[in-house]
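Written out below as structure tokens is the structure these notes cover.
The values are calculated or read from the model by the stated rules, or taken from the named source; none is laboratory data. Because the structure is a prediction, the values reported are computed rather than measured. In this analysis, Cβ positions are derived from the backbone assuming ideal geometry, glycine residues included, and neighbour counts consider all displayed protein chains.
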Amino acid sequence: MDFSRNCLDVLNSLLGAGACRDRRGSVGLPFGRLALAGMAFVLAACSGPGGVRDAVILADDPAPRLSDYGLFSDVSAREPAQGVLPYDLVNALFSDHAAKHRAVYVPKGMAAAYQETGVMDFPVGSVLIKTFAFAPDMREPAKDERYVETRLLIHKADGWVAYPYVWNAEGTEAVYSPVGDKQVIKTISPDGEALTINYSAPNRNQCKECHSLGDDFVPIGPTARNLNHVGPQGVAQLADWEARGILTGLPAVAAAAHSIRSDAPIEDRARAWLDINCAHCHRAGGGASNSGLFLAWNETNPTGWGVHKRPTAAGRGSGDNLFVIEPGHPDESILLHRIESVEPGVAMPELGRSLIDPVGIALVRDWIASMPPVEP
Amino acid sequence: MRSILAAVSVLALAAACSPTEPAKPAALAPSATAYADLQKLLIEARPGDTIEIGEGRFDFTDGLSLTVDGVTIKGAGQDKTFISFKGQTGAGEGLLITSDNVTVTGFTMEDPKGDGIKSKGADNITYKDLKVIWTGGPLTTNGAYGVYPVESKNVLIDGVTVSGASDAGIYVGQSDNIIVRNSRAEYNVAGIEIENSTNADVHDNVATHNAGGILVFDLPDLPKIGGHSTRIFNNQVVANDTPNFAPPGNIVANVPTGAGVMLMANQNVHVFNNTFDKNQTTHVLIYGYSFEFKDARYNPLPRDFVIRDNTYGEGGNNPQGRLAPLAPALGGSLPAIVWDGVTTYNGKTEEVRIVIREKPEVGFINLGLGVTPIDLTKANPSTTRLPDFEIAEPPAIVLPQDKPAAAKEGT
């Protein structure tokens, strides 16, 4: 007998209400009628693949445990529940070499609207899930991988919120941690270097530092450009989202970011790296808007992205250099100095890393070196 | 025995019947979990809350942040509550505020690795009776700004002391409607700086032992440019003599050691009723932006300035910085008021109204440099004051968070 069907019958009799299956086959229930505790009891009693709990997602307050949302069907969050779809990005923010596992949930019957620039317009009730993980040796990231934290971005009725969940050492539960977490992680980098990482899970306010745009809280990663490649499903990601019914309005030709690991021209790769690592703050309306240094891929003014731009509030972050970018001279450029630092007050980005990103540093160094020097 | 029982039951009844209003939470005390406890209070605060930090020493290794509107963060007093960031390993400032209608007051912050207290896009912000100090004195490795409101409307800084900032002690940037008063800035590169901002009153402050005392700047390539309408009055701008220790590259690295008030670009700035003494480069330095720029929105000239009715002691006796090479030809010293004489940029020449309404014995020099970027070999000094004009003084700044209590209650 189909267990979930059986469970559904039990629920039906308990609730006296009809449950339905949506087009993706997941179970939908009229949770709105139930108090959360009662619902949790009923679902716990079923102990089967209960599926995603929309009422928990849309509740006023964060659930105490990650498992309360039903986004995964196992306690270790390796198996996405029905309707939860793993995805990845062309380029990702550097976070101390952490592996990141992303998944998206769009409520049944709804879809995100394609956006040419900016993040897909996800409907209320959507969840973006990102788990940060380390293996003992990041040259083999899948071997003995341990989850550290899972961040949920939830589109509530009145906007997006960020809820950080920190995993226990056994990897059996992640607990809501609004004040963040610090832990020491020992691993070996993808380049074979032994690392001791002072890893910080952000507190809820720190989430906002990167995710603010004006007075709004917004996701950063899932833009068309950054989704437009073959994802973890092994197929073209945007077309797959459209075929699954969670994305509408996909044009015939969607924009795609230059992968920082491709053989695209150095300027394109370096600016793609700056876009995903810096532009969430360094854009109009972002956390670093007052600097006037705008590092998004589509900034058109060279002074805006730093060429012969004098620093605004860099303090000792200037490293005694006069300009953000001194063309042809990476070691006289504040931009490189700050991404090469791990010192608070100098290091950029300010949050999310305690180590330097050798890939990004090489890209920015080569890019600045490739620029023709300014005539004296 | 019976009476005791009765008393107990009366107490129990009273407790049961008391209103449900929760007891006022105790002020946060120093403890091993104080950072997490305080940050949790800041995250979970509701508008109208006051978060109290108790007496004692708090050693924090990460920055604090507030994103909730209408919150007051209150210490037990500047000389009772000390928050040290000497061991800071994360974040770019000690405290970051991004919400509106916030007051911070009553503590001393020590040794933040980056900026001290930054408020960004935070309207109606009040900094009152607090200190931000770098305890090692003026060092290039200190953080840039002590208090740092930026991109905000209605900024009040009152009774604040900042010491040791490697850029500006009290800095207000890209903001509108500002009061800085009753404050003290010492041993910073710039004591008080109003930058790319509009409508500011800077009064009744002490700026001493900085490289530059009080600065009003306007810079290109920032989202908000076109600073105007600032009044600087009733300040003590005395003995600004700390050698400029700004890291090169920062705009304030160009401030000559011993500049009392330095005004760069900007429009409609009025400097009056201040006391100047012992500022070794000069007391009032008026300057065009002297670097190349491409920002088509930007005007690098100081326009419509009035310098009047100030008191001048000794000074200008040991000029420093970019203008120092001109001093020998001028007898080795600079007068009380110095203007670079720049009126032309990008091929455009403007009439620049610089009104000096001081006693005849107050010295003035127009260096006659003419064009920016400047070339010192083109100097053509003159001690003739420019013609007097009537330049309307901006009205006094009024802030919504600064109305007298009576007015607030409408009585």
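Going through region B:192-219 one residue at a time, which ones are more than 14 Å from B:V238 (Cα to Cα), of a type in the set (G, A, S) and outside any strand (DSSP E or B)? Across region B:192-219, the qualifying residue is only B:S197. Checked against the criteria, B:P248 counts as over 19 Å from B:D340 (Cβ atoms), modelled with pLDDT under 95 and surrounded by fewer than 21 Cβ atoms within 10 Å (Cβ to Cβ).
Considering region B:99-149, the qualifying strands (runs of 3 or more DSSP E), each wholly inside and each with 2 or more residues that are surrounded by fewer than 24 Cβ atoms within 10 Å (Cβ to Cβ), run over B:103-105, B:108-110, B:125-133. Residues of region B:32-62 being out of contact with any Gly (no Cβ under 6 Å at 6 or more places or on another chain) and under 15 Å from A:D181 (Cα atoms), which ones? Answer for region B:32-62, where residues must be out of contact with any Gly (no Cβ under 6 Å at 6 or more places or on another chain) and under 15 Å from A:D181 (Cα atoms): B:A32, B:T33, B:A34, B:Y35, B:A36, B:D37, B:L38, B:Q39, B:K40, B:I43, B:F60. Picking from residues in region A:187-215 that are part of a loop (DSSP other than H, G, I, E, B) and within 14 Å of chain B (Cβ to nearest Cβ), the one that is surrounded by the most Cβ atoms within 10 Å (Cβ to Cβ) is A:N203. Name the residues in region B:38-63 that are in contact with a helix residue (DSSP H, G or I) (Cβ under 8 Å, 6 or more places away or on another chain) and within 14 Å of another protein chain (Cβ to nearest Cβ), would you? Selection gives B:Q39, B:L42, B:I43, B:I51, B:F60, B:T61, B:D62. Selection of region B:145-163 for residues being in contact (Cβ under 8 Å) with a residue 60 or more places away in the chain and under 14 Å from B:M109 (Cβ atoms) yields only B:T161. The selection criterion, being touching a Ser or Thr at 6+ places or on another chain (Cβ under 7 Å), closer than 25 Å to B:V252 by Cα and aliphatic (A, V, I, L, M), holds for B:L130. Checking each residue in region B:216-239 for being within 14 Å of chain A (Cβ to nearest Cβ) and among the aliphatic types (A, V, I, L, M) picks out B:L219, B:L222, B:I225. Comparison of A:I339, A:I334, A:I325 shows that the only residue that is among the β-branched types (V, I, T), modelled with pLDDT of 95 or more and more than 23 Å from B:K294 (Cβ to Cβ) is A:I339. Look at A:T223 and say whether it is of a type in the set (S, T, Y), in contact (Cβ under 8 Å) with a residue 24 or more places away in the chain and surrounded by fewer than 16 Cβ atoms within 10 Å (Cβ to Cβ). Answer is no for this residue.
Given B:P247, B:P300, which one is more than 18 Å from the chain's Cα centre (by Cα) and under 17 Å from B:E193 (Cβ atoms)?
Details: B:P300 fails: under 17 Å from B:E193 (Cβ atoms).
Residue meeting the stated conditions: B:P247.
Of all residues in region B:254-283, those that are within 16 Å of the chain's Cα centre (by Cα) and either free of Cβ contacts under 8 Å to residues at least 12 places away in the same chain or assigned to a loop (DSSP other than H, G, I, E, B) (or both) total 1.
All of (1) farther than 29 Å from B:K153 by Cβ; (2) in contact (Cβ under 8 Å) with a residue 24 or more places away in the chain hold for B:A32 with one exception: (2).
In region A:151-174, how many are within 14 Å of chain B (Cβ to nearest Cβ) and closer than 27 Å to A:D137 by Cβ? If you could, list the steps in order and put the result at the bottom.
To start, the set of residues in region A:151-174 that are within 14 Å of chain B (Cβ to nearest Cβ) comprises A:159-164, A:166.
Within this subset, residues satisfying the condition of being closer than 27 Å to A:D137 by Cβ are A:164, A:166.
Looking only at that region, the number is 2.
Results for (1) modelled with pLDDT under 95; (2) more than 16 Å from the chain's Cα centre (by Cα); (3) assigned by TED's automatic domain parsing to the domain that holds A:C281; (4) not aliphatic (A, V, I, L, M), shown as yes or no for each residue.
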position	(1), (2), (3), (4)
A:R146	no, yes, no, yes
A:D191	yes, yes, no, yes
A:N198	yes, yes, no, yes
A:C207	yes, no, no, yes
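Out of the residues in region A:319-334 that are more than 7 Å from chain B (Cβ to nearest Cβ) and within 17 Å of B:L222 (Cα to Cα), which is surrounded by the most Cβ atoms within 10 Å (Cβ to Cβ)? Don't jump to the end; show me each part of the working.
At the first step, the residues of region A:319-334 found to be more than 7 Å from chain B (Cβ to nearest Cβ) are A:319, A:323-333.
Narrowing the set further to residues that are within 17 Å of B:L222 (Cα to Cα) leaves A:323-325.
Details: A:F323: 21, A:V324: 30, A:I325: 26.
The extreme case among them is A:V324.
Here's the yes/no breakdown for (1) closer than 25 Å to B:Y289 by Cα; (2) out of contact with any Lys or Arg (no Cβ under 8 Å at 6 or more places or on another chain); (3) more than 14 Å from every other protein chain (Cβ to nearest Cβ):
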{"site": "B:P149", "(1), (2), (3)": "yes, no, no"}
{"site": "B:G159", "(1), (2), (3)": "no, no, yes"}
{"site": "B:S166", "(1), (2), (3)": "yes, no, no"}
{"site": "B:I178", "(1), (2), (3)": "yes, yes, yes"}
{"site": "B:D204", "(1), (2), (3)": "no, no, yes"}
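Being closer than 25 Å to B:P223 by Cβ and of a type in the set (G, A, S), is that true of even one residue in region A:257-278? Checking region A:257-278: at least one residue is closer than 25 Å to B:P223 by Cβ and of a type in the set (G, A, S).
For first residues located in region A:355-376 and within 28 Å of B:G90 (Cα to Cα), partners that are exposed (fewer than 15 other Cβ atoms within 10 Å of the Cβ) and among the β-branched types (V, I, T) and lie 6+ apart or on another chain with Cβ distances below 9 Å form the pairs A:L355/A:V342; A:I356/A:V342.
Give just the number: which of (1) under 28 Å from B:E390 (Cβ atoms); (2) in contact with an Asp or Glu (Cβ under 6 Å, 6 or more places away or on another chain); (3) not hydroxyl-bearing (S, T, Y) does B:I178 not satisfy? All conditions are met except number (2).
B:R181 meets all of the listed conditions (1) surrounded by fewer than 24 Cβ atoms within 10 Å (Cβ to Cβ); (2) under 20 Å from A:G285 (Cβ atoms) but one, namely (2). Scanning region B:309-325 for residues that are surrounded by 15 or more Cβ atoms within 10 Å (Cβ to Cβ) and either under 23 Å from the mean Cα position of the chain (by Cα) or not aliphatic (A, V, I, L, M) (or both) yields a count of 10.
The number of residues in region B:261-282 being over 19 Å from B:D201 (Cα atoms) and surrounded by 24 or more Cβ atoms within 10 Å (Cβ to Cβ) comes to 3. Comparison of A:V161, A:V184, A:V179 shows that the only residue that is in a strand (DSSP E or B), of a type in the set (A, V, I, L, M, F, W, C) and over 21 Å from A:F94 (Cβ atoms) is A:V161.
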